[in-house]
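Visitor: Just dropping this structure here.
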Ligand SMILES: [Zn+2]
(Lines give C-alpha, C1' and ligand atoms only; values in the text may rest on other atoms or scores of the structure.)
Protein backbone atom coordinates (compact mmCIF):
# COMPACT_ATOMS: atom_id res chain seq x y z
CA UNK A 1 0.00 0.00 0.00
CA UNK A 2 1.22 3.46 -0.81
CA UNK A 3 0.25 6.42 1.24
CA UNK A 4 0.19 10.03 0.31
CA UNK A 5 2.06 12.01 2.90
CA UNK A 6 0.86 15.55 3.18
CA UNK A 7 2.67 18.46 4.67
CA UNK A 8 1.67 22.04 5.02
CA UNK A 9 4.66 24.27 4.66
CA UNK A 10 3.30 27.78 4.33
CA UNK A 11 0.71 29.72 6.24
CA UNK A 12 -0.91 32.96 5.22
CA UNK A 13 1.19 36.05 4.84
CA UNK A 14 1.33 38.22 7.98
CA UNK A 15 -0.38 41.06 6.10
CA UNK A 16 -3.62 39.11 6.08
CA UNK A 17 -5.99 40.42 8.75
CA UNK A 18 -7.89 37.21 9.36
CA UNK A 19 -7.53 35.90 12.91
CA UNK A 20 -4.95 33.21 13.50
CA UNK A 21 -7.53 30.57 14.45
CA UNK A 22 -9.12 30.96 11.06
CA UNK A 23 -5.81 30.15 9.36
CA UNK A 24 -5.49 26.99 11.40
CA UNK A 25 -9.05 26.02 10.59
CA UNK A 26 -8.48 26.58 6.87
CA UNK A 27 -5.19 24.69 6.71
CA UNK A 28 -6.64 21.84 8.79
CA UNK A 29 -9.67 21.63 6.51
CA UNK A 30 -7.54 21.58 3.38
CA UNK A 31 -5.27 18.86 4.75
CA UNK A 32 -8.26 16.78 5.83
CA UNK A 33 -9.98 17.12 2.48
CA UNK A 34 -6.85 16.34 0.51
CA UNK A 35 -6.37 13.24 2.67
CA UNK A 36 -9.91 12.27 1.72
CA UNK A 37 -9.59 13.06 -2.00
CA UNK A 38 -6.06 11.93 -2.92
CA UNK A 39 -6.43 8.18 -2.14
CA UNK A 40 -9.70 8.01 -4.09
CA UNK A 41 -8.14 9.79 -7.04
CA UNK A 42 -5.19 7.38 -6.96
CA UNK A 43 -7.55 4.43 -6.92
CA UNK A 44 -9.55 5.79 -9.87
CA UNK A 45 -6.42 6.48 -11.92
CA UNK A 46 -4.71 3.32 -10.62
CA UNK A 47 -1.44 5.08 -9.87
CA UNK A 48 1.03 4.92 -7.01
CA UNK A 49 0.98 7.45 -4.21
CA UNK A 50 3.35 10.37 -3.84
CA UNK A 51 4.11 13.01 -1.27
CA UNK A 52 2.20 16.23 -1.77
CA UNK A 53 2.89 19.56 -0.14
CA UNK A 54 0.00 21.97 0.29
CA UNK A 55 0.48 25.73 0.36
CA UNK A 56 -1.93 28.44 1.35
CA UNK A 57 -1.24 31.76 -0.37
CA UNK A 58 -2.74 35.16 0.42
CA UNK A 59 -5.84 35.94 -1.60
CA UNK A 60 -4.14 38.81 -3.44
CA UNK A 61 -1.23 36.59 -4.52
CA UNK A 62 -0.94 37.11 -8.27
CA UNK A 63 0.62 33.71 -8.89
CA UNK A 64 -2.81 32.13 -8.51
CA UNK A 65 -5.52 33.15 -10.96
CA UNK A 66 -7.94 30.57 -9.59
CA UNK A 67 -8.62 29.19 -6.12
CA UNK A 68 -6.03 26.45 -6.47
CA UNK A 69 -3.28 25.19 -8.74
CA UNK A 70 -0.83 22.32 -8.93
CA UNK A 71 2.75 23.32 -9.65
CA UNK A 72 4.89 22.10 -12.50
CA UNK A 73 6.64 19.44 -10.45
CA UNK A 74 3.23 17.95 -9.56
CA UNK A 75 4.16 17.64 -5.91
CA UNK A 76 2.87 20.95 -4.63
CA UNK A 77 -0.69 22.20 -4.56
CA UNK A 78 -1.29 25.86 -3.75
CA UNK A 79 -4.60 27.21 -2.49
CA UNK A 80 -5.61 30.85 -2.35
CA UNK A 81 -6.80 31.85 1.11
CA UNK A 82 -10.22 32.99 -0.12
CA UNK A 83 -11.02 29.35 -0.87
CA UNK A 84 -12.30 29.54 2.73
CA UNK A 85 -15.37 31.39 1.38
CA UNK A 86 -16.41 28.34 -0.64
CA UNK A 87 -18.78 25.68 0.66
CA UNK A 88 -16.96 22.69 2.14
CA UNK A 89 -18.08 20.32 -0.59
CA UNK A 90 -16.85 22.75 -3.25
CA UNK A 91 -13.44 22.78 -1.53
CA UNK A 92 -13.52 18.95 -1.55
CA UNK A 93 -14.24 19.08 -5.27
CA UNK A 94 -11.29 21.47 -5.80
CA UNK A 95 -9.05 19.05 -3.86
CA UNK A 96 -10.16 16.15 -6.08
CA UNK A 97 -9.46 18.27 -9.18
CA UNK A 98 -5.96 19.24 -8.03
CA UNK A 99 -5.13 15.72 -6.80
CA UNK A 100 -5.90 14.54 -10.34
CA UNK A 101 -3.43 17.04 -11.82
CA UNK A 102 -0.87 16.01 -9.21
CA UNK A 103 -1.00 12.38 -10.39
CA UNK A 104 -1.23 12.98 -14.15
CA UNK A 105 2.55 12.91 -14.58
CA UNK A 106 2.37 9.14 -14.10
CA UNK A 107 2.07 6.55 -16.84
CA UNK A 108 -0.04 6.31 -18.85
CA UNK A 109 -1.77 9.60 -17.91
CA UNK A 110 1.16 11.84 -18.79
CA UNK A 111 0.27 11.32 -22.46
CA UNK A 112 -2.95 13.34 -22.15
CA UNK A 113 -2.92 16.71 -23.88
CA UNK A 114 -3.41 19.63 -21.49
CA UNK A 115 -7.06 20.26 -22.37
CA UNK A 116 -7.92 16.58 -21.81
CA UNK A 117 -6.11 16.51 -18.46
CA UNK A 118 -8.18 19.52 -17.44
CA UNK A 119 -11.32 17.67 -18.51
CA UNK A 120 -10.24 14.56 -16.60
CA UNK A 121 -9.61 16.63 -13.45
CA UNK A 122 -13.13 18.02 -13.66
CA UNK A 123 -14.58 14.60 -14.48
CA UNK A 124 -12.95 13.04 -11.41
CA UNK A 125 -14.14 15.93 -9.21
CA UNK A 126 -17.70 15.47 -10.47
CA UNK A 127 -17.56 11.72 -9.82
CA UNK A 128 -16.32 12.25 -6.25
CA UNK A 129 -18.48 15.26 -5.38
CA UNK A 130 -21.49 15.09 -7.74
CA UNK A 131 -23.38 17.92 -6.03
CA UNK A 132 -20.67 20.38 -7.06
CA UNK A 133 -20.77 19.69 -10.81
CA UNK A 134 -22.18 23.18 -11.45
CA UNK A 135 -20.29 25.04 -8.74
CA UNK A 136 -16.80 24.82 -10.15
CA UNK A 137 -16.89 24.47 -13.92
CA UNK A 138 -13.84 24.45 -16.15
CA UNK A 139 -13.50 27.17 -18.80
CA UNK A 140 -13.34 24.48 -21.48
CA UNK A 141 -16.66 22.71 -20.99
CA UNK A 142 -16.52 21.32 -24.54
CA UNK A 143 -13.21 19.61 -23.73
CA UNK A 144 -14.67 18.26 -20.51
CA UNK A 145 -17.64 16.75 -22.38
CA UNK A 146 -15.35 15.00 -24.87
CA UNK A 147 -13.42 13.48 -21.97
CA UNK A 148 -16.52 12.59 -19.93
CA UNK A 149 -17.94 10.63 -22.87
CA UNK A 150 -14.97 8.26 -22.59
CA UNK A 151 -14.88 8.03 -18.82
CA UNK A 152 -11.75 7.22 -16.83
CA UNK A 153 -11.42 3.72 -18.37
CA UNK A 154 -11.80 4.94 -21.96
CA UNK A 155 -9.28 7.72 -21.43
CA UNK A 156 -6.80 5.32 -19.89
CA UNK A 157 -7.17 3.05 -22.91
CA UNK A 158 -6.31 5.97 -25.22
CA UNK A 159 -3.23 6.82 -23.13
CA UNK A 160 -2.10 3.19 -23.17
CA UNK A 161 -2.57 3.00 -26.93
CA UNK A 162 -0.46 6.17 -27.34
CA UNK A 163 2.22 4.57 -25.15
CA UNK A 164 2.20 1.37 -27.24
CA UNK A 165 2.46 3.39 -30.43
CA UNK A 166 5.33 5.45 -29.04
CA UNK A 167 3.39 8.73 -29.06
CA UNK A 168 4.11 11.33 -26.39
CA UNK A 169 0.59 12.67 -26.60
CA UNK A 170 -2.81 11.21 -27.46
CA UNK A 171 -3.73 12.71 -30.86
CA UNK A 172 -6.79 14.96 -30.88
CA UNK A 173 -8.57 12.82 -33.48
CA UNK A 174 -8.66 9.83 -31.11
CA UNK A 175 -11.07 11.69 -28.84
CA UNK A 176 -14.81 11.83 -29.59
CA UNK A 177 -15.87 15.07 -31.32
ZN1 LIG B 1 -7.30 22.15 -13.51
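The values are calculated or read from the model by the stated rules, or taken from the named source; none is laboratory data. Note that this is a predicted model, so its numbers are computed, not measured. Here the Cβ positions follow ideal geometry from the backbone for every residue, glycine too, while neighbour counts run over all protein chains shown.
Visitor: Do we have any residue at all in the stretch 50-60 that's without any contact (Cβ under 8 Å) to a residue 60 or more places away in the chain and within 12 Å of the ligand (Cβ to nearest atom)? Spell out how you get there, then give the answer.
Guide: Start the filter on the stretch 50-60 by keeping residues that are without any contact (Cβ under 8 Å) to a residue 60 or more places away in the chain, which leaves 50-60.
With within 12 Å of the ligand (Cβ to nearest atom) added as a condition, the list becomes none.
Within the stretch 50-60, not a single residue is without any contact (Cβ under 8 Å) to a residue 60 or more places away in the chain and within 12 Å of the ligand (Cβ to nearest atom).
Visitor: Now, a different point. Give 48, 74, 35 a once-over and let me know the one that is touching a strand residue (DSSP E or B) at 6+ places or on another chain (Cβ under 7 Å) and closer than 25 Å to residue 152 by Cα.
Guide: Working: 48 fails: touching a strand residue (DSSP E or B) at 6+ places or on another chain (Cβ under 7 Å); 74 fails: touching a strand residue (DSSP E or B) at 6+ places or on another chain (Cβ under 7 Å).
None of the others qualify; the one that does is 35.
Visitor: Just the residues that are surrounded by fewer than 21 Cβ atoms within 10 Å (Cβ to Cβ), under 14 Å from the mean Cα position of the chain (by Cα) and more than 19 Å from residue 50 (Cβ to Cβ), please, taken from the stretch 65-77.
Guide: So in the stretch 65-77, the residues surrounded by fewer than 21 Cβ atoms within 10 Å (Cβ to Cβ) come out as 65-66, 69, 71-76.
Next cut, under 14 Å from the mean Cα position of the chain (by Cα) only: 66, 69, 71-76.
Of everything in the stretch 65-77, just one residue is surrounded by fewer than 21 Cβ atoms within 10 Å (Cβ to Cβ), under 14 Å from the mean Cα position of the chain (by Cα) and more than 19 Å from residue 50 (Cβ to Cβ), namely 66.
Visitor: Another question about this same structure. For the stretch 91-111, enumerate the residues that are buried (at least 23 other Cβ atoms within 10 Å of the Cβ) and within 13 Å of the ligand (Cβ to nearest atom).
Guide: Result: 93, 94, 95, 96, 97, 98, 99, 100, 102, 103, 104.
Visitor: In this structure, does residue 124 turn out to be buried (at least 20 other Cβ atoms within 10 Å of the Cβ), at pLDDT 95 or above and farther than 18 Å from residue 96 by Cα?
Guide: Values: buried (at least 20 other Cβ atoms within 10 Å of the Cβ): yes; at pLDDT 95 or above: yes; farther than 18 Å from residue 96 by Cα: no.
Here the answer is no, as residue 124 does not meet what is asked.
Visitor: Whether any residue in the stretch 123-146 is closer than 18 Å to residue 50 by Cβ, part of a helix (DSSP H, G or I), in contact with a helix residue (DSSP H, G or I) (Cβ under 6 Å, 6 or more places away or on another chain) and within 16 Å of the ligand (Cβ to nearest atom) is what I want to check.
Guide: Yes, the stretch 123-146 has at least one match.
Visitor: Is it true that residue 116 is buried (at least 19 other Cβ atoms within 10 Å of the Cβ), assigned to a helix (DSSP H, G or I) and within 14 Å of the ligand (Cβ to nearest atom)? Give the steps one after another, and end with the answer.
Guide: Numbers: buried (at least 19 other Cβ atoms within 10 Å of the Cβ): yes; assigned to a helix (DSSP H, G or I): yes; within 14 Å of the ligand (Cβ to nearest atom): yes.
So residue 116 passes the test.
Visitor: Another one. Residue under question is residue 155, and the condition is that it be more than 13 Å from the ligand (Cβ to nearest atom), over 19 Å from residue 68 (Cα atoms) and buried (at least 24 other Cβ atoms within 10 Å of the Cβ); does it hold? If you could, list the steps in order and put the result at the bottom.
Guide: Values: more than 13 Å from the ligand (Cβ to nearest atom): yes; over 19 Å from residue 68 (Cα atoms): yes; buried (at least 24 other Cβ atoms within 10 Å of the Cβ): yes.
Considered against the rule, which asks whether it is more than 13 Å from the ligand (Cβ to nearest atom), over 19 Å from residue 68 (Cα atoms) and buried (at least 24 other Cβ atoms within 10 Å of the Cβ), residue 155 comes out as yes.
Visitor: Give me the pairs, please: first residue somewhere in the stretch 136-162 and in contact (Cβ under 8 Å) with a residue 12 or more places away in the chain and under 11 Å from residue 122 (Cα atoms), second residue anywhere and outside any helix (DSSP H, G or I) and away from the ligand (no atom under 16 Å from the Cβ), beta-carbon distance under 8 Å, and either six or more positions apart or on two chains.
Guide: Listed by first residue and then by second, the contacts come to 147/175.
Visitor: Residue 26: outside any helix (DSSP H, G or I), surrounded by 15 or more Cβ atoms within 10 Å (Cβ to Cβ) and at pLDDT below 90, yes or no?
Guide: On the way: outside any helix (DSSP H, G or I): no; surrounded by 15 or more Cβ atoms within 10 Å (Cβ to Cβ): yes; at pLDDT below 90: yes.
No; evaluated as a whole, the condition is false for this residue.
Visitor: So which of 161, 80, 84 is buried (at least 16 other Cβ atoms within 10 Å of the Cβ) and more than 15 Å from the ligand (Cβ to nearest atom)? Please lay out each step first, then the result.
Guide: Numbers: 161 fails: buried (at least 16 other Cβ atoms within 10 Å of the Cβ); 80 fails: more than 15 Å from the ligand (Cβ to nearest atom).
From the options 161, 80, 84, the qualifying one is 84.
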